There are 2 protein chains.
Amino acid sequence: MNMDIATVNALPYEDFVDILGNVVEKCPMITAAVWSGRPFLSLAALEAAIREFIDALPESGKEGILRCHPDLAGRDLQSGSLTRESHEEQAGSGMGALNSGSLAHGPAQPGVQGALRNERAVERARGIEEVKKICHLRLQSLVLTDNRL
Amino acid sequence: MNMDIATVNALPYEDFVDILGNVVEKCPMITAAVWSGRPFLSLAALEAAIREFIDALPESGKEGILRCHPDLAGRDLQSGSLTRESHEEQAGSGMGALNSGSLAHGPAQPGVQGALRNERAVERARGIEEVKKICHLRLQSLVLTDNRL
């Protein structure tokens with residue numbers, strides 16, 4: 001299914017969220033939040049609204065997104081709990097693991113807290129970039145790119 | 001199932017999100033975000049962390065939460081898409097509808113935009129209060145209240 005952006009803009013929020021709610025894994029709230037920004041001029045504008053919403057979240061919210069995202073190389077794949085989109089991406093994109101696991105399970109020896117905080121911020125930023133790349137792929141699989149814009 | 005707060009605090013984030021991820025409907029990201037705040041001294045402290053996270057969201061994020069929440073009296077119930085928790089609450093609590101539908105579908109005549117904006121803000125605030133009440137009920141059904149705190 002590939003809708004054009006005019007079709008997307010005409011969707012009531014229930015359908016908008018049903019169809020696009022998992023472009024950020026298990027975070028339909030993000031899709032539901034940007035719905036207010038219709039009409040979107042292009043797929044790129046919709047994607048930009050999602051990216052801006054993510055960037056405006058507190059750091060804990062960004063970590064929350066990462067913790068909702070399956071670690072592609074890890075436990076979630078083994079337990080079979082990945083969504084359809086993640087299976088397709090893992091099969092098709094060769095994209096690396098998100099390391100949300102290592103984010104959550106860092107050691108906590110005294111004296112290295114500062115370094116760990118820095119490492120955590122770097123991992124968080126890297127993870128969020130991966131989330132945005134996956135969001136881009138998912139949007140492209142759902143909405144026609146408008147080359148005029 | 002009713003865990004005590006010590007058990008909750010000992011959960012890895014995957015289990016924390018699996019068990020508590022729907023205390024705000026379809027928003028496991030919120031639960032995943034507050035996981036960083038462990039250890040929680042009490043169920044009330046966990047609930048407060050969730051409420052604070054919601055309050056810190058941009059208004060669009062609050063609207064996103066409401067759009068993810070079934071309108072208890074409306075379309076979602078008729079289509080049978082409510083989660084187990086919502087069915088139990090509707091059966092048991094007598095709580096009113098969230099009006100997320102009317103939030104999204106307000107008319108847009110010229111000259112009444114200011115009034116509509118105010119009405120929308122009031123509805124959003126009222127809806128978020130309902131979400132918090134539901135979150136309270138869901139937490140109480142999952143985590144033992146510690147009367148000492």
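Descriptive notes on the structure:
- Among the residues making up region A:45-84, those that are in contact with a Ser or Thr (Cβ under 8 Å, 6 or more places away or on another chain) and either of a type in the set (Ser, Thr, Tyr) or at pLDDT 95 or above (or both) are A:ILE50, A:PHE53, A:SER60.
- Residues that are charged (D, E, K, R) and more than 17 Å from the chain's Cα centre (by Cα) were ranked within region A:109-144; the one that is nearest to A:ILE5 (Cα to Cα) is A:ARG120.
- Among the residues making up region B:1-60, those that are open to solvent by less than 10 Å² (accessible area, probe 1.4 Å), facing chain A (nearest Cβ under 9 Å) and of a type outside the set (Phe, Trp, Tyr) are B:GLY21, B:VAL24, B:CYS27, B:MET29, B:ILE30, B:THR31, B:ALA32, B:ALA33, B:LEU57.
The values are calculated or read from the model by the stated rules, or taken from the named source; none is laboratory data. Bear in mind the structure is a predicted one, so any value in this text is a computation, not a measurement. Backbone-built Cβ (ideal geometry, glycine too); neighbour counts: all protein chains shown. Ligands, DNA and RNA are excluded from the accessible area calculation, which covers all protein heavy atoms including side chains. Shrake-Rupley method; radii C 1.70, N 1.55, O 1.52, S 1.80 Å.
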